[in-house]
Amino acid sequence: MPRMSALDSALHQLAGAAEQLGLDDGMHQLLATPRRSMEVAVPLRRDDGSLTVLKGYRVQHNFSRGPAKGGIRFHPDTDLDEVRALAMWMTWKCALIGIPYGGAKGGVAVDPRSLSRIELERVTRRYASEIMPIIGPEKDIPAPDVGTEEQTMDWIMDTYSAHQGYTVTGVVTGKPVSIGGSQGRGGATSRGVMYAAFSALAEAGVDHRGATVAVQGFGKVGGLAAQYLHDAGCRVVAVSDVQGGVFRGAGLNPAALIARLREGAESVVGSPGTDTITNEELLELDVDVLVPAALDGVISEENADRVKARFVVEGANGPTTPDGDAVLEGNGTVVVPDILANSGGVAVSYFEWVQDLQAWFWSEDEVNDRLKGLMTRAYDDVSALAAERGISLRTAAQTIGVGRVADAHRTRGLYP
Ligand code: NAD
């Protein structure tokens with residue numbers, strides 16, 4: 001059976017929230033439909049002189065609560081439907097944590113590892129100039145996602161500013177602090193994953209100190225999530241990346257693994273003192289907490305029954321399909337859903353944008369305190385609704401997010 005696509009998952013989850021909220025068909029349809037989808041050609045002159053034409057996308061799912069916000073992904077499998085799903089999840093996420101944005105997402109179908117640095121810069125600048133008519137600090141503010149990073153944001157900010165004729169720091173978030181970035185943005189998603197995990201563990205009366213953890217995906221989100229969880233007293237026994245995973249029962253040292261990658265290692269696989277495992281094996285380890293932090297659709301009905309973790313804290317967007325969700329729920333697994341668990345990134349992106357607009361910058365402690373406040377409140381809202389209605393944390397989170405967006409539409413009315 002073909003795996004459920006990210007868009008099918010997102011629409012299925014929306015239908016669940018619509019049912020909880022008693023939304024009429026018209027409102028349901030309005031929320032299921034992206035406000036604006038853009039597909040662009042990104043012609044690239046390769047270093048050898050040849051020309052390749054890549055496909056790029058930017059989808060703005062909703063603007064009812066403010067400008068659209070969401071990351072840009074460089075990945076060979078990126079397509080319009082995936083970007084639509086990711087944009088929709090951004091809308092609910094921003095509403096859930098109470099920041100004044102709608103949702104967007106973008107991407108280029110390319111493997112960034114197959115490009116030289118100068119080719120990557122050319123792709124980024126050309127893509128930025130193609131989507132320029134629809135982005136801007138009041139319209140749509142991109143950020144990093146899979147396969148993009150601070151440097152990508154710098155090039156987009158520079159390209160946009162060059163065309164405006166002045167520096168516009170607020171057009172993207174996830175920039176370095178030296179050019180208008182926020183303290184704490186680099187680790188914000190991962191820090192939020194940790195807060196979400198600790199809230200779920202505390203609610204179940206489980207001490208996080210000594211809890212065993214496995215993290216799939218050792219990139220921007222997974223790498224630092226592993227490190228923060230380790231630093232807070234958890235035992236991180238396994239991590240992985242696209243090439244495979246490593247296991248050490250006595251606990252890994254994530255900071256050392258990150259340092260090894262910075263020094264040029266291509267993968268966590270092969271780290272001294274570790275056993276090699278596959279990504280599939282990692283998902284099925286007997287641990288307390290599983291953090292999927294790579295791509296979508298990795299926990300489905302095919303493997304959900306073999307997931308032994310008591311808590312699944314979704315660092316990635318859409319890692320569990322609705323079929324997989326049903327199996328986990330039946331087994332009593334607590335799933336802290338993506339739009340809650342990984343919302344720390346967009347929360348601090350919002351702080352970055354606010355600081356850019358005011359040209360007034362906050363200390364790291366201020367950023368982290370505000371992040372913790374937003375995430376704790378969102379967790380409490382979700383957990384209270386889940387308990388009140390006897391629904392999963394995912395359905396509760398979706399219901400709160402979707403409900404706030406539907407309210408904004410009702411309050412604003414329909415033009416004309
Ligand atoms: P990244 O590119 O920095 O890291 C991705 C990691 O996943 C890498 O270690 C990569 O090797 C690994 N990976 C890729 N394909 C894989 C596969 N098939 N199997 C196993 N591992 C694989 O990306 P990121 O920014 O860390 O994003 C990871 C997830 O978190 C995505 O779902 C993204 O949408 C979500 N997310 C990111 C942010 C953010 O601030 N960066 C915020 C919220 C959610």
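The values are calculated or read from the model by the stated rules, or taken from the named source; none is laboratory data. Since this is a predicted model, take the numbers as computed values, not measurements. In this analysis, Cβ positions are derived from the backbone assuming ideal geometry, glycine residues included, and neighbour counts consider all displayed protein chains. Heads up: the accessible areas ignore ligands, DNA and RNA and are worked out on the full protein's heavy atoms, side chains in. Shrake-Rupley method; radii C 1.70, N 1.55, O 1.52, S 1.80 Å.
Things to note:
- Label sites at D365 and D380, each approximated as a point 7 angstrom past Cα along Cα to Cβ, lie 2.3 nm apart.
- Near R209, once Lys and Arg are set to +1 and Asp and Glu to -1 for all other residues with Cβ below 13 Å from its Cβ, the sum equals -2.
- Of all DSSP bridge pairs formed entirely within the range 188-341, close to 30 percent run antiparallel.
- Across the accessible surface of the range 188-341, with the other protein chains kept in place and a 1.4 Å probe, carbon and sulfur atoms take up 48 percent.
- Here each label is just a point 7 Å from Cα along the line to Cβ, and for V269 and A387 those points are 4.5 nm apart.
- Taking the Cα centre of the chain as reference, the dipole from Cβ charges on Lys and Arg (+1) and Asp and Glu (-1) amounts to some 960 debye.
- Maximal additional length on extending the R306-S37 stretch stands at 93.1 nm, based on 0.36 nm per residue less the C-alpha distance.
- Euclidean distance of C-alpha centroids, the range 28-87 and the range 120-152, integer Å: 10 Å
- Placed amide H near V239: partners under 5 Å, 5+ positions off or other chain: V215, V246
- Amide H contacts of T148 (H built 1.01 Å from N, under 5 Å, at least 5 apart or other chain): F74
- You can think of it this way: the chain between S129 and A202 has 21.6 nm of extra reach, that is 0.36 nm per residue less the Cα-Cα gap.
- Over 25 Å apart at the Cα level, from the set K139/K372; K105/K308; K308/K372; K220/K372; K69/K308; K69/K175, are K139/K372; K105/K308; K308/K372; K69/K308.
- Computed about its Cα centre, the charge dipole of the range 188-341 is approximately 740 debye, with only Lys, Arg, Asp and Glu carrying charge at their Cβ.
- Whole-number accessible area per residue in Å² for the chain, which is evaluated in the context of all protein chains at 1.4 Å: 41 Å²
- For the range 35-116, a simple Cβ point-charge model (Lys and Arg +1, Asp and Glu -1, everything else neutral) yields a dipole of about 440 debye relative to the Cα centre.
- Descending principal axes extents, the chain, alpha-carbon based, whole Å: 55, 54, 49
- Accessible surface of the range 133-178, 1.4 Å probe, proportion on carbon and sulfur as whole %: 49 percent
- Taking label positions 7 Å along the Cα-Cβ direction at both L414 and D231, the computed distance is 5.0 nm, reported to one decimal.
- When the Cα positions of V168, A196, M38 are compared along the charge dipole of the chain, V168 comes out farthest toward the positive end, with charges on each C-beta of Lys, Arg, Asp and Glu.
- The Stokes-Einstein estimate for the range 188-341, based on a Kirkwood radius over Cα pairs and taken at 25 °C with 0.890 mPa s viscosity, is a diffusion coefficient of 164 µm²/s.
- Table column - 3J(HN,Hα) (Hz), the range 182-189, Karplus curve with 6.51, -1.76, 1.60, x for Gly and Pro: 9, 4, x, 5, x, x, 5, 4
- Using the Karplus relation 6.51 cos²θ - 1.76 cosθ + 1.60 with θ = phi - 60°, the per-residue 3J(HN,Hα) values for the range 233-243 come to x, 6, 9, 7, 9, 8, 9, 8, 9, 4, 8 Hz, with x marking Gly and Pro.
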